[in-house]
1. Can you compute the label reach from Ser45? Point 7 Å from Cα along the Cβ direction, backbone N cut-off under 18 Å, restricted to the range 66-84.
2. For the range 82-196, with every protein chain kept in place, what is the accessible area per residue (1.4 Å probe, Å²)?
3. Any chance you could check the Cα centroid distance between the range 1-51 and the range 137-211 for me, in angstrom?
4. Counting each DSSP H run of 4 or more residues in the chain as -39500 (n - 2.57), what helix-only mean residue ellipticity at 222 nm follows after dividing by all residues, to the nearest 500 deg cm²/dmol?
5. Quote to one decimal, in nm, the extra length available between Lys88 and Ser124 on full extension: 0.36 nm per residue of separation minus the C-alpha distance between them.
6. Say we join alpha carbon atoms closer than 10 Å with springs in a Gaussian network model of the chain; which of Ser218, Ser309, Ser114 then has the biggest fluctuation?
7. Sort the following peptides by mean Cβ neighbour count (other Cβ atoms within 10 Å, averaged over residues), highest first: 322-334, 77-89.
8. At q = 0.08 Å⁻¹, what is the base-10 log of I(q)/I(0) for the chain according to the Debye formula with one equal point scatterer per Cα and no solvent? Please give it to two decimals.
Amino acid sequence: MEFLKMIEWFLVNLWFKICLNIIGAIYVVKEQILSRPRCLPSYSSQTGKTIVITGGGRGIGEQAVKKLVRLGARVIMGCRSPELVKKKFDEIFNEDSVVGSVEVYHLDLMSLASVRSFAQTVISLDCPVHVLINNAGIMFGDRKETEDGFESQLATNYLGHFLLSHLLLPLLERTGQADTPARIVNVSSVAHYCGSWMDFSDLHLRKLYSPEQAYGNSKAAQIMFTSHLSTMLQSSQAPVQVVSLHPGVVYTDLYTNVTWVKIFSLIAKLLMKTAKQGGDTLVHAALDPDLVGSRQVYLENCRQGRNSSFTSRVENQAKLWGLTCSLLGIQQFGTS
């Protein structure tokens, strides 16, 4: 019996590794040859706008924060090492004359208590919030459970952001207007296709763990969350728009657990998008006025993309929504 379990574990992990690498290869070709990254337009000044972002201390989030601050936005960041991140941005912006500002507060998305504390900090600042960018994420690695008993990738990439969006939604609703709605931007990935085998009875993969499946599940969950919340807000005519996106196959330190990227790092850098290019998709999703009025928005390379059929099914979105609210103890989303 133990031998059969080992064989099953091997085959499942092999399957998801193959799937993810094939998907990644297809999208590298698509992004670098068939549909080249677009340059951002010259957006107008964002002075007076407040943007909350999770992560942002490195990778695509860092690049997005740089652009947003240079456009004049007040950026409120939540990350695990606020002192180090604040020091980094102080050094960056000391060299430039910038109109915007950066504030950094502690946030650990693996802890629901930390998410609630960060949300309360933002609320206590008593300022409007025009955009919430759910950007922070982890990828692959051994299976770990958080202090709340959740699988770590699902907790960081999805559950923590779901709770944060719930807590900040009233603030976003007060800020948004019918012609200029506030926005929630969920940074997903093309890896969400690997979430097409999501088992709703075992969201935390306690039966059989695959790092790639766990990552795919968390990214599929973000897209289903986006679609369900978008439909809910549209039906209530709330002035908040919800957008999900695939930032691209981007070379960042998220790939520290990917063997071939570590071995062939030079080739990976040549094939993959840069963090700067990936960050552009976040800025576009947060600011572009042409997205206003779009009912369902999933972006790739700053263009409307196509998400998987699994994540598009309304019944899957509703089932995951109910399970998530139950896990997080949410009675009515957006209401304390």
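1. Label zone hits: 67-75.
2. 40
3. Taking the Cα centre of each part, the range 1-51 and the range 137-211 sit 16 Å apart.
4. Details: 11 runs with 151 residues, N = 336.
Value at 222 nm, helices only, nearest 500: -14500 deg cm²/dmol.
5. Numbers: separation 36, 0.36 × 36 = 12.96 nm, distance 2.50 nm.
Stretched out fully, the Lys88 to Ser124 stretch lengthens by 10.5 nm.
6. Judging by the Gaussian network model, the answer is Ser309.
7. Numbers: 322-334: 14.2, 77-89: 18.2.
Result, highest mean first: 77-89, 322-334.
8. -0.35
The values are calculated or read from the model by the stated rules, or taken from the named source; none is laboratory data. Remember, it's a predicted structure, so these values are computed and weren't measured experimentally. Cβ coordinates were reconstructed from backbone atoms using ideal geometry, including for glycine residues, and neighbour counts include every protein chain displayed. Ligands, DNA and RNA are excluded from the accessible area calculation, which covers all protein heavy atoms including side chains. Shrake-Rupley method; radii C 1.70, N 1.55, O 1.52, S 1.80 Å.
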